[in-house]
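Read the structure below first, then the notes.
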Amino acid sequence: MTRPTTVPGAWVAGGALILGMACSEEAGPGVSRSADAAVARSDMSTGGVRWDGGSGAPDAGSEDTAVAQDPRPALRFEASFLAGSTDANGSFMGGTETMRLAGYGGALFAGNGYWTDVPGEDPTPGAQVLTKPGPEVGWRVERNFPGALRVNAMEPMTLSTNGAGVELADPVELLLVDAARESARASGRLRVWVRNSAGEWTESAISNASGLAYVRAFGFHRDTATGADLVFAGTGAGEIFRGQYDAEAAGGIRWNPEPEYRNPAFDGSTPFARVSAFGRANGRLYA
C-alpha cells in the first residue's frame, strides 16, 4: 500500500520544535522516507537546533548539527489514546477528531467528534467527552451525547463572584460543553451542558431564538466596573450571549436570552459567520 504523500508539519511545544513527516514511496531527492517524528530543541542564543530523535534527524557531526548535545531530557511523545478502543468499563471510545483538550478538577478532558465518520459495525455513541484522571490512568468515557456530531466547544470556568460582583463563599468550578444535535441547529433552541465539581451534568438553556443554535466558543471575563464574573458563548450565527453565576439556575449559570452582539453579515445563507474564539488582554475581552 502506498504511504501518504509527504506532508511536513512543525509545532512548538514546551520549548521544543516538533517535526512530523509522512512520505510516499515516490518521494523526491532530498526528502526523507521516514514516517517517524523528529524532535528538535532550539538554542536561541546561537540560532542552532539540536535533534533529539527520529530517523529523519541529521546524523551526529553533520553540518546541520549546529549545537552540542544538551544534557536536559528530550521532549518525547507517545500515543495516549487511539480511537476505536474501549475503556476499563468496556465503553467504546471513538471519534475522527479531537476538538478540545482542557484541564479541569485535576484531570484532563477531551472533547471529540465524528465528522465524516463511516462507523461500519462500530457503535455510534455521538459526540463524546473523555477524561484521563492521571498520567498513569487510561482514558475513559465521561459522557456520550447521542445524536451530536461533535463537541463544538469545551471550556473550564472558575467563578468567584455572582452577577452583582459579590464574592462567593467558595469559588465554583464548572466545565461548559456544547454538543448540540445537528437536528437542533435550525430550531433556535440554544442549549449547553454544564458539569460541576461533583460530576453532575446539567443542560443549561441560553436562548430559544438563536440564528444557528450551537456554540463554537466560550469565554470568561471579570467586569472591571462591577466585579462580576461573566461567561460568554459565541454561536455559529456570530451571536454573543452573556451569563452569570446563579445557584438557582440550571447548571449554575443564568443566561441573558438576548445576545449582546449579532454578526450583521449573518443572513442564514452561509455557515461561516461564527464566533471562533475569545481572548482577554489588558482588562478587555475580545471575540
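The values are calculated or read from the model by the stated rules, or taken from the named source; none is laboratory data. Worth saying up front: this structure is predicted, and the values here are computed from it rather than measured. Cβ sites come from the backbone with ideal geometry, for glycine too, and all protein chains shown count toward neighbours. In case anyone asks, the SASA skips ligands and DNA or RNA and just uses the protein heavy atoms, side chains included. Shrake-Rupley method; radii C 1.70, N 1.55, O 1.52, S 1.80 Å.
Below are the figures for this structure:
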read-out: Residue match in the stretch 264-281 (condition: among the hydrophobic types (A, V, I, L, M, F, W, C), in a strand (DSSP E or B) and open to solvent by 30 Å² or more (accessible area, probe 1.4 Å)); value: yes
read-out: Complete set of residues in the stretch 100-116 that are of a type outside the set (Gly, Ala, Ser) and in a strand (DSSP E or B); value: Arg100, Leu101, Tyr104, Leu108, Phe109, Asn112
read-out: Only one of Phe218, Phe241 that is open to solvent by less than 20 Å² (accessible area, probe 1.4 Å), out of contact with any Cys (no Cβ under 8 Å at 6 or more places or on another chain) and either among the aliphatic types (A, V, I, L, M) or touching a residue at least 60 places away in the same chain (Cβ under 8 Å) (or both); value: Phe218
read-out: Gly111 being open to solvent by less than 30 Å² (accessible area, probe 1.4 Å), modelled with pLDDT of 95 or more and not aliphatic (A, V, I, L, M); value: yes
read-out: Residue, least open to solvent (accessible area, probe 1.4 Å), within the stretch 88-103, restricted to residues that are within 14 Å of the chain's Cα centre (by Cα) and closer than 12 Å to Thr131 by Cβ; value: Ala102
read-out: Residue tally, condition under 18 Å from Ala198 (Cα atoms) and touching a residue at least 12 places away in the same chain (Cβ under 8 Å), over the stretch 145-177; value: 15
read-out: Tally of residues being of a type in the set (A, V, I, L, M, F, W, C) and farther than 18 Å from Phe81 by Cα across the stretch 116-148; value: 3
read-out: Of all residues in the stretch 115-148 being at pLDDT 95 or above and of a type in the set (Phe, Trp, Tyr), the one that is surrounded by the most Cβ atoms within 10 Å (Cβ to Cβ); value: Phe145
read-out: Every residue from the stretch 178-211 that is in contact (Cβ under 8 Å) with a residue 24 or more places away in the chain, open to solvent by 30 Å² or more (accessible area, probe 1.4 Å) and either in contact with a helix residue (DSSP H, G or I) (Cβ under 8 Å, 6 or more places away or on another chain) or part of a helix (DSSP H, G or I) (or both); value: Glu182, Ser183, Arg185, Ala186, Ser187, Trp193, Asn196, Thr202, Glu203, Ala205
read-out: Residues of the stretch 149-177 satisfying the condition of being of a type in the set (Val, Ile, Thr), buried (at least 18 other Cβ atoms within 10 Å of the Cβ) and more than 18 Å from Ala127 (Cβ to Cβ); value: Thr161, Val172
